[in-house]
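*Asks:* Have a look at this one.
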């Protein structure tokens, strides 16, 4: 993977309050929004991710970036989506997920196999996109972040219990970094 050429942002970790906030819609399409999106792409790529929501870099706005390889191709789908909303879902499939804000935890999550999505680009132009498979999953995972939902919220109580020790440690470390009581 190429070294990032721009600004790499700090990814906040499990336990940070911003990860549980419903982000605000973007109403102004400014050069700063484009700079943030580019920094998010650089951050995601530097951390070998395929998606990143603004909330994961402590920005409470409805912006996400994805960079997902196309199946059986060298190409990627690279999108910055502002104010994304899911219009349709179809099917379901289970697949292992992880998260840059919850390192070292991976588990299977059931999500729709196909979605239809509406979003705005960085200039405010409206787009619709149909996504299947991994691309669908990444969009849904990142949209969840914009709504204050984490992939571990989908796990059964038994699966959550298996990860509870790591989650508690992460939350405690985050609280200590923020100077709060865990």
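*Asks:* Please build a GNM for the chain, connecting alpha carbons under 10 Å apart, and tell me which residue among 133, 165, 49 fluctuates the most.
*Replies:* Sorting by GNM fluctuation, first place goes to 165.
*Asks:* At a threshold of 8 angstrom on Cα-Cα distance, excluding pairs fewer than six apart, so keeping six or more, what relative contact order does the chain reach in percent?
*Replies:* Once normalised by length, the contact order is 24 percent.
*Asks:* Find the relative contact order for the stretch 7-62 and round it to a whole percent, using C-alpha pairs within less than 8 Å whose residues are 6+ positions apart. Working shown, then result.
*Replies:* Values: 56 pairs, mean separation 31.2, N = 56.
Reported relative contact order: 56 percent.
*Asks:* Okay, moving on. Could I have the simple spin-label model distance between residue 166 and residue 70, label points 7 Å from Cα toward Cβ, reported in nm to one decimal?
*Replies:* About 3.4 nm, to one decimal.
*Asks:* Here is a further query. Express the relative contact order of the stretch 67-128 as a whole percentage, based on alpha carbon pairs under 8 Å and six or more residues apart in sequence.
*Replies:* Computed over the stretch 67-128, the figure is 33 percent.
*Asks:* Give the residues of the stretch 133-156 whose amide nitrogen is closer than 12 Å to a point set 7 Å from the Cα of residue 89 in the direction of its Cβ.
*Replies:* Output list for this probe position: 137, 140-141, 143-144, 154.
*Asks:* Hey, in the GNM for the chain with a 10 angstrom Cα cutoff, which one of 41, 29, 151 fluctuates hardest?
*Replies:* Greatest mean-square fluctuation among the candidates belongs to 29.
*Asks:* Subtract the Cα-Cα distance of residue 96 and residue 113 from 0.36 nm times their separation in residues, and report this length gain in nm to one decimal.
*Replies:* 4.8 nm
*Asks:* Quick check on the chain: take the gyration tensor over C-alpha atoms, sort the square-rooted eigenvalues as a ≥ b ≥ c, and tell me if it's rounded (a/c under 1.5), prolate or oblate.
*Replies:* Note, shape of the chain comes out oblate.
Each value in this text was obtained by applying a stated rule to the coordinates, not by laboratory testing. Since the model is a prediction, treat every value here as computed from it, not as a measurement. Glycine also receives a Cβ, built like all others from the backbone with ideal geometry; neighbour counts cover every protein chain displayed.
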